[in-house]
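What follows is a single structure, written as structure tokens, with notes after it.
Every read-out reported here was derived from the displayed coordinates using simple, explicitly stated rules and does not represent laboratory data. All values reported here derive from a predicted model rather than from experimental measurement. Methodologically, a virtual Cβ is constructed for each residue, glycine included, from the backbone with ideal geometry; neighbour enumeration extends over all protein chains shown.
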Amino acid sequence: AHKAAAGDGTAVMVATHNQRSIAYVLDRLAELGIPAVGSGVYFAQLLGMRDHVSFALGRAGFRVYKYVPYGPVREVMPYLLRRAEENADMLSGVGDEVSMLWRELRRRAARRPLSPPAGGAGHGHA
């Protein structure tokens with residue numbers, strides 16, 4: 001990630017659903033003085049998993065990519081089950097995600113602009 005900030009065209013894709021891993025990366029980026037915007041650091045997650053974290057990362061200025069596996073069901077389902085097993089802690093974020101969705105629905109109903117993410121730039125709280 002340090003080379004990515006040097007502007008040499010290096011890019012890093014952090015592909016994880018693990019909230020602790022994401023918090024660690026955010027902390028290291030802050031320690032190294034690497035900004036969210038234009039740093040060449042990107043995040044990727046499976047669509048439907050940790051969407052509230054993806055939203056917070058995007059609001060903090062990072063580019064976030066969501067991917068969708070495709071193919072025959074007999075090949076895709078084992079992959080999805082492995083991701084779910086590896087990320088069993090993702091269920092702990094369901095309450096956060098539901099709260100975020102309700103806040104967003106209320107904001108849209110009131111037609112208010114987005115507010116800054118809780119906790120500043122989102123470091124360690126995504």
Of everything in the range 13-44, what is in contact with a strand residue (DSSP E or B) (Cβ under 6 Å, 6 or more places away or on another chain) and surrounded by 14 or more Cβ atoms within 10 Å (Cβ to Cβ)? Give them in sequence order. VAL14, HIS17, VAL25, VAL41, TYR42, PHE43, ALA44
Could you please find all residues in the range 19-41 being hydrophobic (A, V, I, L, M, F, W, C) and within 20 Å of PHE55 (Cβ to Cβ)? ILE22, ALA23, VAL25, LEU26, LEU29, ALA30, ALA36, VAL37, VAL41
